[in-house]
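Written below as C-alpha cells is the structure these notes are about.
The values are calculated or read from the model by the stated rules, or taken from the named source; none is laboratory data. Everything numeric here is computed off the predicted structure, so don't read it as measured data. With ideal geometry, Cβ positions are generated from the backbone for all residues, glycine too; neighbour counts draw on all protein chains shown.
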Amino acid sequence: MKKIYCLDIGGSFIKLGTGNGDGLEEVGTIATPPEYGAFVDRTAAFLETNGFAPQDRLGVSIAGSIDADNGSVHAAQLPFLASVDFASDLAAALKARLGGPMGQAIRVENDADCFAMAEATFGAGRAFDNVFAIILGTGVGGAQVYRGALLRGFGGTAGEWGHGPFIQKQDPSLPGFVPQFACACGQKGCINTIGGARGLEAMHAAAGNPMRDSKAIIDGWADGDTGCAATVASYVSLLSDALALTLNITGARIVPVGGGLSNAPALLSVINGEVQRKILQPRPEPLVVKGQTGQNGGLWGIYAQLLREAGGPNEHDQP
Ligand SMILES: [Zn+2]
C-alpha cells in the first residue's frame, strides 16, 4: 500500500502524520509561515524531509471552508489562502523538489469534516453508524458521517448547523435577552455567533458584565457567580435548542465534541442533559460527549478519509 501523508494546517502550527494502513504516526510540527510563498515552500520541504515520494497519497486538514469550484480556502486565521489554489501550488512545489508529478491529487478537507471522520472511524463514534460531530472552538462547526462516509451536501455545506438566522429578536429589556450578532456568513443571529468561546464572551459582555474570557466565565459559573450563571444558562438554552433540532433532522446516535469548550466537562454534561430533554427520542447512552481524537482530530480525520478511499481502515488502527 502507498504510504499516506497527512497534514493538519492551523493558524499557528502545521502538523504531519504518516501511515500505511496500520495506524498513523504523528511525525512532527512546524510553525505556520506568515506569508503564502513561504507557506507553500516550507510545507513542501517539510514533506520532502520526512520522505514523501510522488506516488504517496497526501491529504490536508485545514481550518476554514473550501470552495468546491476552485479549491480556494476561506480561513480566518490564514487570509492569504482566500484567492489561491493551495493544493495545485503545493503539488507544483513538490514536483519541482521531487522531480516528478504526483500520482494522485492532494485531498483537502475542512477541519470539522476531518474531526467527524476521525471520531466516527477511531473515536467516540466508532460504535455507531450515524455520527454528528461538532466543534465548539472559536466559533461553531459540524459535520455528519453516515456509515463511514462524510455527507457533503450542496456546495459542501451539509452539517453546518452553526449557520442560519436562529436567535430571534426579543425585547432587550427582558432577562436573558441575546442580541442578533452579525455572523461572518452574512446572516445575523447564527448559532456560530454565540456557540463558541468568542460567542460566550460576547453574550456575557452584552448582558452588561465586565469582559471576561470563556474559561473565566465557565469557572465563574462553577463557583456560583450569578452573572456567569445567567450567561451560561442562556448559552446552554440556545445551543441545545439548535442541537436538538439538528439531531431530530439527522437522527445521529452520538455527538462527539471538539474545540476548546469541549475541555469543560461540566458544560458538556449540562448541554447533554438539555439536548436529551429536547429531542424526540432520547438516546440510551450519553449523547453529547467529548471527542477522543483531541488535538490530533485533523490528522486522524484526513487519514480516515484517505484510508476509506483506499479500501477501508485497518482494525489495528488507533488514535
Ligand atoms: Zn452564520
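A few points about this structure:
- Number of positions in the stretch 86-144 that are surrounded by 22 or more Cβ atoms within 10 Å (Cβ to Cβ) and of a type in the set (S, T, N, Q): 3
- Hits in the stretch 238-263 (condition: under 12 Å from ILE194 (Cβ atoms) and either hydrophobic (A, V, I, L, M, F, W, C) or modelled with pLDDT under 95 (or both)): LEU238, LEU239, ALA242, LEU261
- Scanning the stretch 109-128 finds no residues that are aliphatic (A, V, I, L, M) and part of a strand (DSSP E or B).
- Condition met for ILE271 (over 16 Å from ARG253 (Cβ atoms) and either in the same structural domain as GLY21 (by TED's automatic domain parsing) or aromatic (Phe, Trp, Tyr) (or both)): no
- Qualifying residue in the stretch 68-76 (condition: under 20 Å from PHE115 (Cα atoms) and not small (Gly, Ala, Ser)): yes
- Subset of the stretch 157-184 [in contact with a helix residue (DSSP H, G or I) (Cβ under 7 Å, 6 or more places away or on another chain), within 13 Å of the ligand (Cβ to nearest atom) and not small (Gly, Ala, Ser)]: TRP161, HIS163, PHE166, ILE167, PHE181, CYS183
- Candidate set: the stretch 187-208, residues that are over 19 Å from HIS163 (Cβ atoms) and at pLDDT 95 or above; chosen: the one surrounded by the fewest Cβ atoms within 10 Å (Cβ to Cβ): ALA205
- First in the stretch 170-184 and over 16 Å from THR231 (Cβ atoms), second anywhere and within 16 Å of the ligand (Cβ to nearest atom), Cβ under 6 Å, 6 or more apart: GLN180/ILE167; GLN180/LYS188; GLN180/GLY189; ALA182/LYS188; CYS183/CYS190; CYS183/ASN192; CYS183/THR193
- With respect to being closer than 23 Å to LYS290 by Cα, within 16 Å of the chain's Cα centre (by Cα) and more than 16 Å from the ligand (Cβ to nearest atom), ALA124 fits the description.
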